[in-house]
Amino acid sequence: MNNRANQRHEEHHVIQYFCVLNRMLIFFAEMFMSRSLAAGEVILWLLQNFPRPRLSWLRLRHSSVKTQAVPLPNNEAERLKALADYNILDTLPEEAFDDITALAAYICKTPIALISLVDSDRQWFKSKVGLKARETPRELAFCAYAILQPEEILVVPNAIKDDRFNNNPLVKGNPKIRFYAGAPLVTPNGFPIGTLCVYDTIPRLLSYQQLDALRRLTRQAIAQMELIQEVRNRKQASLTDELTGLHNRRGFFLMAEQELKIAHRMKVLCWVIFIDLDGLKQVNDTLGHDMGDTLIIDAGRLLKQSFRNSDIVARLGGDEFIVFISSHFQDADSIQAYLQANIANFNQQPNRSYELSMSMGIERYSPESNMSLEELITRSDELMYAQKRLKRQSIA
């Protein structure tokens, strides 16, 4: 106690010293300002640019008191991938998860309950009771220890008496954690991605029934994540063309409608490109439908690689593709030349049983025209067929 008192007394004197020094400098600056404007300006500039005392040497003395470094699980890379696959980090609160944390707090009779997901450098709270923070650094997370033993619930009866946590700022300062119990959230493949945990500001223990309830609630939390992922996957599948992996007709209309509204509001130039593969029937008839499917896949891949991730590339069905792009090209001729160059490069690749050829119609959307998506598609479709007719006439 005497050492701490002496330390505070020493810090107080250092702070007083810097305050007196600062007042003296200001006094001299004012004096020079009254006699010599230039000298006063120099001193004031020094005051403004002089680094303020931060008592760094005192901080260095205290910096020896640190929390223990948390070891990483042996399967950390796979664990992080399993967490990322749920696409749950930084999502909005959801009632199903809030119900779980509320039940955990009620059953364990604790003021704080969290669904904590342990990311690479932080723990992020999908749901929380009794805490305002949305995340904390991983190095401060009790849950970072809990995931090291996925089969067990980590119980810390009194954090002050635990060498792993007694120097933790969350223990020494607010919210003054004393008790912790964290049941790992374990995926069906066995990866601990976080915990359902409860905290208290007083030392305590949980009964067997409370610990069992906590473990059961973790299974409900994981089941909810699995359900959300399954719904997301099914929705994605319903918007995706099975053969090419591009958007299907439904996916294109859903996304392009939104993009068109944004383009109109932001007054952005857009293009709709309607594309038809030339010679698909001939490939099917002469080389077989498997080779025809390969042609479709190659065409979809070329189109996807030709445009940005933000552009919408879709297969409408059969040999028809469609692309929606915004504010990238200035005219239709440059778009066509760009695509034809990419097609030519593709056809130069060796060991190809066919050549890729596309007929395309390109229609521009300008905010002042206010054309609907259906009108843009109809017009680009007409332009595509006009080009295809010209190709047939030239062959004939």
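The values are calculated or read from the model by the stated rules, or taken from the named source; none is laboratory data. All of these numbers come straight from a predicted model, not from anything done at the bench. Virtual Cβ from ideal backbone geometry, glycine too; neighbours counted across all protein chains shown. Just the protein is used for accessible areas: all its heavy atoms, side chains included, with ligands, DNA and RNA removed. Shrake-Rupley method; radii C 1.70, N 1.55, O 1.52, S 1.80 Å.
What to note about this one:
- Segments classed as strands (runs of 3 or more DSSP E), wholly inside the stretch 301-371, with at least 1 members that are touching a Gly at 6+ places or on another chain (Cβ under 8 Å) and within 19 Å of Leu239 (Cα to Cα): 312-317, 320-326
- Annotation: of all residues in the stretch 275-294 being in a helix (DSSP H, G or I) and of a type in the set (Asp, Glu), the one that is nearest to Ala341 (Cα to Cα) is Asp293.
- The lone exception for Gly173 - which of (1) over 30 Å from Ala84 (Cβ atoms); (2) touching a residue at least 24 places away in the same chain (Cβ under 8 Å); (3) within 32 Å of the chain's Cα centre (by Cα) it fails: (2)
- Residue check, Thr187 surrounded by 16 or more Cβ atoms within 10 Å (Cβ to Cβ), farther than 20 Å from Ala113 by Cβ and touching a helix residue (DSSP H, G or I) at 6+ places or on another chain (Cβ under 9 Å): yes
- Scanning the stretch 114-129 for residues that are among the small types (Gly, Ala, Ser) and either open to solvent by 10 Å² or more (accessible area, probe 1.4 Å) or within 15 Å of Arg216 (Cα to Cα) (or both) gives a single hit, Ser120.
- Among the candidates Leu260, Leu206, Leu243, Leu211, the residue that is more than 25 Å from Glu95 (Cβ to Cβ), open to solvent by less than 50 Å² (accessible area, probe 1.4 Å), touching a residue at least 24 places away in the same chain (Cβ under 8 Å) and not in a helix (DSSP H, G or I) is uniquely Leu206.
- So Ala82, is it among the hydrophobic types (A, V, I, L, M, F, W, C) and more than 11 Å from Ile193 (Cβ to Cβ): no
- Selection from the stretch 214-239 of residues that are over 17 Å from Gly130 (Cβ atoms) and open to solvent by less than 60 Å² (accessible area, probe 1.4 Å): Thr218, Ala221, Ile222, Ala223, Gln224, Met225, Ile228, Gln229, Ser238, Leu239
- Some residue of the stretch 267-279 being open to solvent by 40 Å² or more (accessible area, probe 1.4 Å), without any contact (Cβ under 8 Å) to a residue 12 or more places away in the chain and of a type outside the set (Phe, Trp, Tyr): no
- Failed item in (1) open to solvent by less than 30 Å² (accessible area, probe 1.4 Å); (2) touching a residue at least 60 places away in the same chain (Cβ under 8 Å); (3) under 29 Å from the mean Cα position of the chain (by Cα), with Leu103 passing the rest: (1)
- Residue ID - modelled with the lowest pLDDT, chosen from residues in the stretch 295-324 that are surrounded by 15 or more Cβ atoms within 10 Å (Cβ to Cβ) and farther than 16 Å from Ile343 by Cβ: Asp311
- Checked against the criterion of being within 37 Å of the chain's Cα centre (by Cα) and surrounded by 14 or more Cβ atoms within 10 Å (Cβ to Cβ), the candidates Arg379, Arg364 yield just one match: Arg364.
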